[in-house]
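Notes follow the structure.
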Amino acid sequence: MEELLQVGVITQTHGIRGEVKVFPTTDDASRFRDLKHVLLDTGKDTLSLEIENVKFFKQFVILKFKGYDNINDVERYKRCPLLVERSDAAPLDEDEYFITDMIGMQVVTDQGEDFGVLKDVLTTGANDVYMIDHPSAGEVLVPAIKECILEVDIPGRRMKLHVMDGLL
């Protein structure tokens with residue numbers, strides 16, 4: 001399992017005082033209020049940054065990092081991901097999982113047949129949709145509902161599903 005989880009991506013600077021505009025990649029952008037520090041992945045190394053101030057603007061989060069007081073200090077970090085350690089991640093409810101832990105998971109049917117590999121998770125309004133690479137049918141979209149998804153075993157990297165009529 002990944003020890004670092006992405007919570008956002010810096011899209012651009014905001015103003016001239018070192019603030020950055022962040023596109024949140026977490027389900028709940030308000031969680032930035034509780035974060036004290038993040039890790040910035042520059043591609044070459046990882047910087048630990050202390051969050052000094054958090055604001056919200058439309059779908060973006062505006063962050064100010066301690067010690068970065070000028071637009072020139074943060075300009076080079078555009079398009080860099082912001083990460084948190086798993087221990088700092090938001091707590092999960094029952095039957096909730098981090099997407100990064102699910103990608104690549106083996107999917108089997110309730111009949112014990114190989115159904116494929118989980119390729120992606122699409123977040124929609126009502127429920128998530130699992131994109132599964134099926135051996136013969138190609139890309140299959142499965143709704144993440146209790147009627148379809150019977151079991152998710154993160155440590156075992158395995159998901160069991162019930163194939164509903166019309167799914168294939």
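When the helices in the chain are scored as -39500 (n - 2.57) per DSSP H run of 4 or longer and the sum is shared across all residues, what 222 nm value do you end up with, to the nearest 500 deg cm²/dmol?
Taking each H run of at least 4 residues, the total per residue is -500 deg cm²/dmol.
Classify the range 1-53: rounded, prolate or oblate, from the alpha-carbon gyration tensor (a ≥ b ≥ c, eigenvalue square roots; a/c under 1.5 rounded; otherwise prolate if a/b is larger than b/c)?
Oblate, since a/c reaches 1.5 and b/c is not below a/b.
First obtain the Kirkwood hydrodynamic radius of the chain from its Cα pairs, then insert it into the Stokes-Einstein equation at 4 °C and 1.567 mPa s, and state the resulting D in µm² per second as a whole number.
72
Can you list the residues of the range 1-35 with backbone N under 17 Å from a point 7 Å past the Cα of ASP153, pointing along Cα to Cβ?
Hits in the range 1-35 for ASP153 at 17 Å: 1.
Keeping every protein chain present and rolling a 1.4 Å probe, give me the accessible area per residue for the range 94-168 in Å².
Using a 1.4 Å probe on heavy atoms only, each residue of the range 94-168 averages 59 Å².
Share of the range 1-146's accessible area from carbon and sulfur, percent, 1.4 Å?
Exposed carbon and sulfur together represent 47 percent of the surface.
If the reach is capped at under 12 angstrom between alpha carbons, list the aspartates and glutamates near LYS160, excluding any in the same chain fewer than eight residues apart.
List returned: ASP110, GLU113, ASP114, GLU147, GLU151.
When the gyration tensor of the range 65-112 is built from Cα positions, what are the square roots of 5 times its three eigenvalues, in whole Å, from largest to smallest?
In descending order, the three semi-axes are 39, 15, 6 Å.
Using θ = phi - 60° and the Karplus relation 6.51 cos²θ - 1.76 cosθ + 1.60, list the HN-Hα couplings for the range 116-123 in order, rounded to whole Hz, with x at every Gly or Pro.
Using θ = phi - 60°, the values come out as x, 10, 5, 9, 7, 10, 9, 8 Hz.
Nearest 0.05, what FRET efficiency do VAL163 and SER87 give at R0 = 35 Å with Cβ-Cβ as r?
For R0 = 35 Å, the calculated efficiency reads 0.40.
When the chain is fully extended, how far beyond the present Cα-Cα distance does LYS55 get from ASP73, taking 0.36 nm per residue of separation?
Working it through step by step, the gained length comes to 4.6 nm.
Set Lys and Arg Cβ to +1 and Asp and Glu Cβ to -1, take the dipole of the chain about its Cα centre, and tell me which of THR123, PHE98, ASN72 lies farthest positive.
Positive-most Cα among the choices belongs to ASN72.
What is the dipole size for the chain, taken about its Cα centre, with +1 at each Lys and Arg Cβ and -1 at each Asp and Glu Cβ, in debye to the nearest 20?
In total the dipole reaches around 1020 debye.
When ligands, DNA and RNA are left out and all protein chains stay put, how many square angstrom of accessible area per residue does the range 11-83 have with a 1.4 Å probe?
Normalised by residue count, the accessible surface of the range 11-83 is 61 Å².
I want to verify the translational diffusion coefficient of the range 104-168 in µm²/s; compute it with Stokes-Einstein, Rh as the Kirkwood radius over Cα pairs, at 20 °C and 1.002 mPa s.
The estimated diffusion coefficient comes to 183 µm²/s.
Ranked from highest to lowest mean number of other Cβ atoms within 10 Å per residue, what is the order of the peptides 14-26, 117-129?
The densest-packed peptide leads the list: 14-26, 117-129.
Among the listed pairs LYS44/LYS66; LYS21/LYS66; LYS21/LYS119; LYS58/LYS119; LYS36/LYS58, which have their C-alpha atoms separated by more than 19 angstrom in this model?
Check vs 19 Å cut-off fails for LYS44/LYS66; LYS21/LYS119; LYS58/LYS119; LYS36/LYS58.
If you average the alpha carbon positions of the range 62-87 and of the range 89-168, how far apart do those two centres end up, in angstrom?
Each part's Cα centre sits 34 Å from the other's.
The values are calculated or read from the model by the stated rules, or taken from the named source; none is laboratory data. If you're wondering where the values come from, they're calculated on a predicted model, not measured in any experiment. Neighbour counts are summed over all protein chains in view; Cβ atoms, including those assigned to glycine, are modelled from backbone coordinates with ideal geometry. Heavy atoms of the whole protein, side chains included, go into the accessibility calculation; ligands, DNA and RNA do not. Shrake-Rupley method; radii C 1.70, N 1.55, O 1.52, S 1.80 Å.
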